[in-house]
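Right, one structure below, let's go through it.
The values are calculated or read from the model by the stated rules, or taken from the named source; none is laboratory data. Everything quoted here is computed from the prediction, not taken from an experiment. Cβ sites come from the backbone with ideal geometry, for glycine too, and all protein chains shown count toward neighbours. The area values use the complete protein model at the heavy-atom level, side chains included, leaving out ligands, DNA and RNA. Shrake-Rupley method; radii C 1.70, N 1.55, O 1.52, S 1.80 Å.
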Amino acid sequence: MMIFYKERLAYLAVPKTGTTSIEHALQHRASMILRDPPGLKHTNARRYERRFRALFEPGDLSPVETVAVFREPISWLSSWYRYRQRDILKGHPNSTFGLSFDQFVEAYLGETRPPYADLGSQGRFVTDDNGELLVQHLFQFEDLPIFVRFLENRLGEPVQLEKRNISAATPVNLSDELEQELRRAYPLDFQIHAALSEGPLSIG
């Protein structure tokens with residue numbers, strides 16, 4: 001999470017949506033950056049509203065607007081899968097080494113997830129407990145230039161994103177049966193991404 005106090009903007013870092021590149025590009029402008037622990041770095045919209053909003057809105061200052069990036073759900077899971085195949089994780093409970101992508105997604109869909117598949121969901125990250133969008137400005141990961149233009153307008157300077165923390169380019173394939181099961185289990189994630197294909201989402 002990064003706070004731009006003067007610009008009245010809070011960037012909420014949805015995991016696996018280019019957060020390292022975005023942080024590197026904007027860190028010189030941020031008033032505050034939460035990097036560790038991961039639970040704070042990746043503060044979701046509900047936690048931001050409960051624990052942080054009041055900190056940055058003293059007196060009669062205008063509200064801080066939140067912004068985040070959202071990735072196609074299967075691509076999001078494949079990024080986690082590939083990231084956890086790194087050699088450094090071999091033998092660790094979080095490693096996906098030796099597993100197929102189908103096995104990884106099947107574990108993610110299970111009632112009791114093993115550590116390597118113990119992930120949340122993007123839909124939950126950006127919505128309230130009723131499934132309503134809680135982030136004021138939401139952009140599609142697959143069209144980052146639109147997000148960059150938004151940042152440039154808000155910050156008043158060029159923003160250059162460099163590729164960082166990239167997962168290995170391991171081919172992944174998901175069976176049709178598991179894809180349908182995933183869509184049934186996480187309809188909100190797919191609905192939000194489909195809505196973003198028409199352009200950024202904004203509330204308030």
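Can you list which of the chymotrypsin sites (Phe, Trp or Tyr not before Pro) found in the range 32-107 are DSSP loop residues with at most 15 other C-beta atoms within 10 Å? Please list the in-between numbers first.
Values: sites: Y48, F52, F56, F70, W76, W80, Y81, Y83, F97, F101, F104; in loops: F97.
Here the sparse-neighbourhood loop sites are F97.
Quick one: grab the alpha carbon gyration tensor of the chain, order the square roots of its eigenvalues as a ≥ b ≥ c, and give me rounded if a/c is under 1.5, else prolate or oblate depending on whether a/b is larger than b/c. Spell out each step's value before the answer.
Working: a/c = 1.82, a/b = 1.61, b/c = 1.13.
Since a/c reaches 1.5 and a/b is larger than b/c, the shape of the chain is classed as prolate.
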- prompt: What's the carbon and sulfur percent of the chain's accessible surface, probe 1.4 angstrom, rounded to a whole number?
  reply: 50 percent
field: Whole-number accessible area per residue in Å² for the range 6-112, which is evaluated in the context of all protein chains at 1.4 Å
entry: 48 Å²
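Quickly rank 131-138, 33-40 as a protection proxy: mean count of other C-beta atoms within 10 Å, highest first. All intermediate terms of the calculation are to be shown ahead of the outcome.
Numbers: 131-138: 18.8, 33-40: 11.8.
Result, highest mean Cβ count within 10 Å first: 131-138, 33-40.
When the helices in the chain are scored as -39500 (n - 2.57) per DSSP H run of 4 or longer and the sum is shared across all residues, what 222 nm value do you end up with, to the nearest 500 deg cm²/dmol?
Numbers: 8 runs with 69 residues, N = 204.
Result for the chain, helices only: -9500 deg cm²/dmol.
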